[in-house]
1. Rounded, prolate or oblate: pick one for segment A:2-181, where a ≥ b ≥ c are the square roots of the eigenvalues of its C-alpha gyration tensor, a/c under 1.5 means rounded, and failing that, prolate if a/b is larger than b/c, else oblate.
2. Would you mind calculating the gained length between residue B:83 and residue B:110 on full extension (0.36 nm times residue separation, minus the Cα-Cα distance), in nm to one decimal?
3. Relative contact order for chain A using alpha-carbon pairs under 8 Å, separation at least 6, rounded to a whole percent?
4. Tell me the label-point distance for the pair residue A:256, residue B:181, using the 7 Å Cα-to-Cβ offset, in nm and rounded to one decimal.
5. Label residue A:183 and residue A:73 with points 7 Å out from Cα along Cα→Cβ: what is the distance between them in nm?
6. How high is the relative contact order of segment A:2-181? Use alpha-carbon pairs under 8 Å, at least six apart in sequence, and give a whole percent.
7. Using a Förster radius of 56 Å, what is the FRET efficiency between residue A:3 and residue B:141 based on their Cβ-Cβ separation? Nearest 0.05, please.
8. Set the Förster distance to 25 Å, then compute FRET efficiency between residue A:213 and residue A:310 from the Cβ-Cβ distance, nearest 0.05.
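We did not get these values from a lab; they are worked out from the coordinates using the rules stated. Just so it is clear, the structure is predicted and the values come from calculations on it, not from any experiment. Heads up, the Cβs are rebuilt from the backbone with ideal geometry, glycines too, and the neighbour counts pull from every protein chain shown.
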């Protein structure tokens, strides 16, 4: 079987072609050494040797703070964000999985207008990766939906296309692509994550106590998670009348998250840690049973007290010791 | 006309008609939604909630205290407790508000048909249960005996008490009122028992095998009342709890209202006690 192939030497030209379709963004490293998806003003800013960005691509779909509604003189109307077409280049499969999950949440049976606007203008160009010690994706799945996907080979990239948008771009770049025989994909072994079963063993696991004793509720794991999306809603009136309603990232590790008038249902760190990971690994209505962890390793990388979820997952896999 | 898909995200315009103070910090607000909202709001089932917008403050989930009137008017019983409800309490009649909803599950009225219904309200918990009570009383021929047990901290905090007494006097329901403690009240004023709701329930004989119980109150109330109801013989699947969480979006996205793997805004706010047993943080 043959597939489109992009030679390394033509990558820069390929990126220039991508620019014809929108603002080109990709992995870069900031002056302070932080890997981030940002606009590629110069193609040379691209850092394809990145392991993971600190903030996942969710920021393109759910900005940290976003206007959702406007109101004036008693009427409310939806905000439609004015976003340019963005070509996001160099997304690893785990982050594509993250976007696929967010699509389920925000474009499912109750589509979110702001998310839909942004998603429609985002073109996803994925790229294969090499895992490091923090990664724990299965690595053997088909990547989630993408427009274009580049699989690294010797001397270049095999180019897969899976959308009309992707076809249009591939067509525009056809002079840069050659047909080459497809290479056998190497499957790497990983610590694949599946919905925890039985769930009770997950929630009663003694490791929670250990984690809760060190967790500082900083919320970094949630901020960096490609599939954490929960938000708070705030309203800002304008002095001249009317106003704007915003939503911004919230964090279930924060003590305010479980508050209601006069009570709090998740006061302890243990409650909150377990809440987050129950959501992550077992899912909420209507995505109950679906694991949203994509194994990107960010939560372990950023945790200031080295909480390692894999410990928990491994311990859940072990059979329950028989009672004497 | 609004697009249907946006109905859930964008509030309908509404006007505050008037308010009636029920206690020092709680009032009944009558709200008239715009005409285009009436069809959506007419789907309201007792126990569901709406998201009430107070311009400049934000949104709060409120379970209406009655079904919408024929003209769509909603009755919302709101305690002044946070910045949005504080602003609502300062809002003059005629001012603009916003309404989204109804959201969530209501009480399973079809299933409750023909059965005796025991309503147990603590404090502000009377508000969501009042819509159920009104529905039951208007459709008495379709339900069994209706009983309301309502507990408040003290007599002056008992909401709707004259109104409830008047409804009971008509003979449609049995009414038991109780207060945690009773400071002196003027002679001839309203009388009620002194004690906690579970105590009141202990001395109550009813057809537990067939009864549906609907409970709403402060967090501490659910555990002891559920235990007491089960002891009396009410199956956990017939104990209906209306829970409070801080729903930000109302449509299953913001994740503030999760209990276990359930979301209060989609799976609730009315839950069966039996469905909550495995969820430690639910009650």
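1. Details: a/c = 1.78, a/b = 1.63, b/c = 1.09.
Because a/c hits 1.5 or more and a/b exceeds b/c, segment A:2-181 counts as prolate.
2. Working: separation 27, 0.36 × 27 = 9.72 nm, distance 3.77 nm.
The span from residue B:83 to residue B:110 would gain 6.0 nm if fully extended.
3. On the way: 541 pairs, mean separation 68.4, N = 324.
About 21 percent, as a whole number.
4. 3.4
5. 6.5
6. Reported as a whole number, the value is 29 percent.
7. Working: r = 72 Å, r/R0 = 1.29.
It comes to 0.20.
8. Numbers: r = 18 Å, r/R0 = 0.73.
According to the calculation, E is roughly 0.85.
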